[in-house]
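Visitor: Structure below; questions to follow.
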Amino acid sequence: MNKKDYVVVTAVSMFRTRYVLHKDDLEQVAEEHLDWCEDLIECARDIVSSEECEEFSQEYMGKYIVDQMELNEDDMLELFDKDNDYLSEFTTDEKTKWIRQLFKDVLPRSLI
């Protein structure tokens, strides 16, 4: 049995994003698209959800840890190829070096 050499933590980053739309503009859109816009609030929600306007402001709300697990090298390499398919041509050594490089900035100099 392979020893578990890797810890994987899955997280979701959250942002609060606001959109501001002028009522005159919304009314114009609503008049042109009465088939999908019953009121201005619904119209604004549809415009935002379909990404047809730019954000007004954004605030980072932090990370939420979804799960964590330990993996052996074979399972980690399988996950690597799945999540980073654009790097799947890397050799095993290149993949493990790439992973270890992600953490090097926080390691004490004596361990690098």
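The values are calculated or read from the model by the stated rules, or taken from the named source; none is laboratory data. Quantities reported herein were computed from a predicted structural model and do not represent experimental measurements. As a convention, Cβ positions derive from the backbone with ideal geometry for all residues, glycine included, and neighbour counts pool all protein chains shown.
Visitor: List the pairs whose first member sits in segment 1-29 and is within 17 Å of D83 (Cβ to Cβ) and modelled with pLDDT of 95 or more, whose second member is of a type outside the set (G, A, S) and surrounded by fewer than 10 Cβ atoms within 10 Å (Cβ to Cβ), and whose Cβ atoms are under 6 Å apart, counting only residues at least 6 apart or on separate chains?
Guide: Cβ pairs passing all conditions: T10/V66; T10/D67; A11/I65; V12/V66.
Visitor: Looking for something touching a Lys or Arg at 6+ places or on another chain (Cβ under 6 Å), at pLDDT 95 or above, at negative phi and surrounded by fewer than 12 Cβ atoms within 10 Å (Cβ to Cβ) - is there at least one such residue anywhere in segment 62-81?
Guide: No; the residues of segment 62-81 include none that is touching a Lys or Arg at 6+ places or on another chain (Cβ under 6 Å), at pLDDT 95 or above, at negative phi and surrounded by fewer than 12 Cβ atoms within 10 Å (Cβ to Cβ).
Visitor: Another question, then. Any chance you could count how many residues in segment 71-89 are closer than 16 Å to R100 by Cα and assigned to a loop (DSSP other than H, G, I, E, B)?
Guide: Residues that pass the stated criteria total 1.
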